[in-house]
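Some notes on the structure that comes next.
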Amino acid sequence: MKGWIRGVAAALAGLGTAEALAAATRSRSLIDAAGLLVVDIGPVPVVERTIQVLKTADKPVIRASVASTILAAGGLLGTAPRRASRDALAVGATAGIGAALTRRRREGHGDGWRPALAAAGGTIGALGALTAPAALLGPAALLGAAGLAASLVGQSRRRTAEPSAATLRPEHPLPPAVDGAEDWPEVSPLLTPLERFYVTDVNMRPPVVEPAGWRLAVTGAVGSPLSLSYDELVDLGLVEFDAALVCIHNRLGWDRLGNARWLGVPLRRVLDSAAPDPSGSVLVARAVDGWEVSMPLDTVDELAGYVAVGMNGRPLTAAHGFPARVFFPGIYGQYTGAKWLTELRLQSRPNRDYWLPRGWARGPVRVRPLSRIDAPAHRAHVPAGPVDVVGVAWAPPGGVSAVDLAMGGGPWIPAELATELAPASWRRWRVRVVLPAGGHTLRVRCTARAGSQAQDPTPRPPFPTGASGHHTITVTAR
Ligand SMILES: Nc1nc2c(c(=O)[nH]1)N[C@H]1C(S)=C(S)[C@@H](COP(=O)(O)O)O[C@H]1N2
Ligand SMILES: [Mo]
């Protein structure tokens, strides 16, 4: 057998061993730990390009690239002459890398010695496989590949996996959401089902927080610091609100936003119960994994923000930030607040937010009014004649006052608007156009109620202040 093939097979066996050891000792996956490093240090142009191409499939791809890098290294190792001193060095080095990797962004509750053990064990496994008879190497590599595959697909149930023991108290049955567009074919649902609601964060897997041990600390410039349990937080009083959550990476026509019926405690109520001190001018929201985002108190007072605990009639799922998250409708996701909230801190100095050293401006960045054509789909073939064009438009927190559609270079045609669920919610719209046979370009824009401001037509990428321009599609009528 060729050296490099043996090397790759041995690396597979080793990687499987390492991931199995990590799982057995309840430590973080080493592939995920390396992936986190990629997420944390990726330069803005690379990250932006990656998201543009991969959309929300970035995490599985990062995992796969980390794994292939290790396999390639194994291939090289297989061609190198063996020496005991070199083997010992490899084991020591990988143990060190393992230990270093899993320290990142986990202050307070690191995985201790376990990642080092998993990494060293994996290398020993790989070296053992390299010297094993060829008949054993095959099955070992297969086992490794199986473990690896399990780890790579570990993300697939990410969107809806529920935390083990969460109940929304008090029981809060949500009234149905209606806007009169229920029978418009192919338009987005008024509330985005959780299975379709985008998930974005800088973690490889959502932190799973047990409600029993969780506390929300309210600290810093406050007269009486608080440490609230889940029940104490909910007892402050839940408010229902409808709002769209928009990722700053949402491009024209994309679905990196969702509309939900939320339950949350008004943020002011939480802060006031800690007797805030006037010296605090910045509110920092901190997540269990150390991720932080801040907002000037002026903005906190101007906008209605919440500590949200429920989404579409259910407690937050792990992926969406269980047990609690900060959300200000009208502010892009990465500036709006932390999922897996653990601390609200008032301070007088500007904060070093997660995004700052990564090239993003200090927030909060406001959501640009935008609209999307849901149907017909881009490049669809439709029968010539009357066609219903439908979609959604959003301009949180003030709301959408108008939507218009244009065909080719023609005039703007006002759309019919569904009833507004809430100003911060998205709004469904419909226009009937008559399409003669041939190719057509359809373009949409909305107007925000605040300042009667029409959607910015300038094409802009998401970095650094969110995409703008008109969502434009082409269809063929025949
Ligand atoms: N703790 C934490 N909170 C976070 C993030 C994160 O990476 N970590 N990402 C933010 C970003 S960029 C967005 S767009 C929203 C996404 O929320 P969702 O996954 O529930 O849609 O969460 C925000 N809150
Ligand atoms: Mo985002």
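The values are calculated or read from the model by the stated rules, or taken from the named source; none is laboratory data. Treat the numbers as computed from the prediction; the structure is a model and nothing was measured. A quick note on method: Cβ atoms are made from the backbone with ideal geometry, for glycine too, and the neighbour counts reach across all protein chains shown.
The set of residues in segment 221-243 that are of a type in the set (S, T, Y) and not in a loop (DSSP other than H, G, I, E, B) comprises S227, Y230. Residue selection: A275 satisfies the criterion of being among the hydrophobic types (A, V, I, L, M, F, W, C), more than 24 Å from N250 (Cβ to Cβ) and surrounded by fewer than 23 Cβ atoms within 10 Å (Cβ to Cβ).
Let's see how each residue does on (1) surrounded by fewer than 16 Cβ atoms within 10 Å (Cβ to Cβ); (2) not hydrophobic (A, V, I, L, M, F, W, C):
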site: D201; (1), (2): no, yes
site: V208; (1), (2): yes, no
site: A212; (1), (2): yes, no
site: R215; (1), (2): yes, yes
site: T219; (1), (2): no, yes
site: S229; (1), (2): yes, yes
site: L233; (1), (2): no, no
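Of everything listed in (1) touching a residue at least 12 places away in the same chain (Cβ under 8 Å); (2) within 16 Å of ligand 2 (Cβ to nearest atom); (3) out of contact with any Leu (no Cβ under 9 Å at 6 or more places or on another chain), the single unmet condition for A285 is (3).
Residues in segment 442-467 that are closer than 21 Å to P364 by Cα and among the basic types (K, R): R449, R460.
The set of residues in segment 341-389 that are polar (S, T, N, Q) and more than 16 Å from ligand 1 (Cβ to nearest atom) comprises Q347, S348, S371.
Of all residues in segment 339-347, none satisfies being under 29 Å from L190 (Cβ atoms) and modelled with pLDDT under 95.
Residue by residue, here is whether (1) closer than 15 Å to S294 by Cα; (2) away from ligand 2 (no atom under 15 Å from the Cβ) holds:
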{"residue": "P315", "(1), (2)": "no, yes"}
{"residue": "A319", "(1), (2)": "no, no"}
{"residue": "P323", "(1), (2)": "no, yes"}
{"residue": "F328", "(1), (2)": "yes, no"}
{"residue": "Y335", "(1), (2)": "yes, no"}
{"residue": "L346", "(1), (2)": "yes, yes"}
{"residue": "D353", "(1), (2)": "yes, no"}
{"residue": "G359", "(1), (2)": "no, no"}
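Pairs linking a residue in segment 331-344 that is at negative phi and assigned by TED's automatic domain parsing to the domain that holds S229 to a residue that is more than 9 Å from ligand 1 (Cβ to nearest atom) and of a type in the set (A, V, I, L, M), with Cβ atoms under 6 Å and 6 or more positions apart or on different chains, are Y332/V365; Y332/V367; Y335/V365; L341/A324; E343/A217; L344/V218. For G310, the criteria (1) within 16 Å of ligand 2 (Cβ to nearest atom); (2) small (G, A, S); (3) over 22 Å from I248 (Cβ atoms) hold in every case but one, which is (1). Have a look at E107, E19 and point out the one that is out of contact with any His (no Cβ under 6 Å at 6 or more places or on another chain), at pLDDT below 85 and either within 19 Å of L143 (Cα to Cα) or not small (G, A, S) (or both). Only one candidate passes the filter, namely E107.
Once segment 361-374 is narrowed to residues that are at pLDDT below 95 and more than 12 Å from A285 (Cβ to Cβ), the residue that is nearest to ligand 2 (Cβ to nearest atom) is A361. Within segment 387-398, is even one residue in the same structural domain as L216 (by TED's automatic domain parsing), more than 16 Å from ligand 2 (Cβ to nearest atom), modelled with pLDDT of 95 or more and in contact with a strand residue (DSSP E or B) (Cβ under 9 Å, 6 or more places away or on another chain)? So far as segment 387-398 goes, no, none of its residues is in the same structural domain as L216 (by TED's automatic domain parsing), more than 16 Å from ligand 2 (Cβ to nearest atom), modelled with pLDDT of 95 or more and in contact with a strand residue (DSSP E or B) (Cβ under 9 Å, 6 or more places away or on another chain). Looking at segment 244-297, the strands (runs of 3 or more DSSP E) lying wholly inside it that each contain 3 or more residues that are within 14 Å of ligand 1 (Cβ to nearest atom) and not aliphatic (A, V, I, L, M) sit at 257-266.
Just the residues that are assigned to a loop (DSSP other than H, G, I, E, B) and over 20 Å from the mean Cα position of the chain (by Cα), please, taken from segment 189-220.
P189, L190, E210, W214, R215
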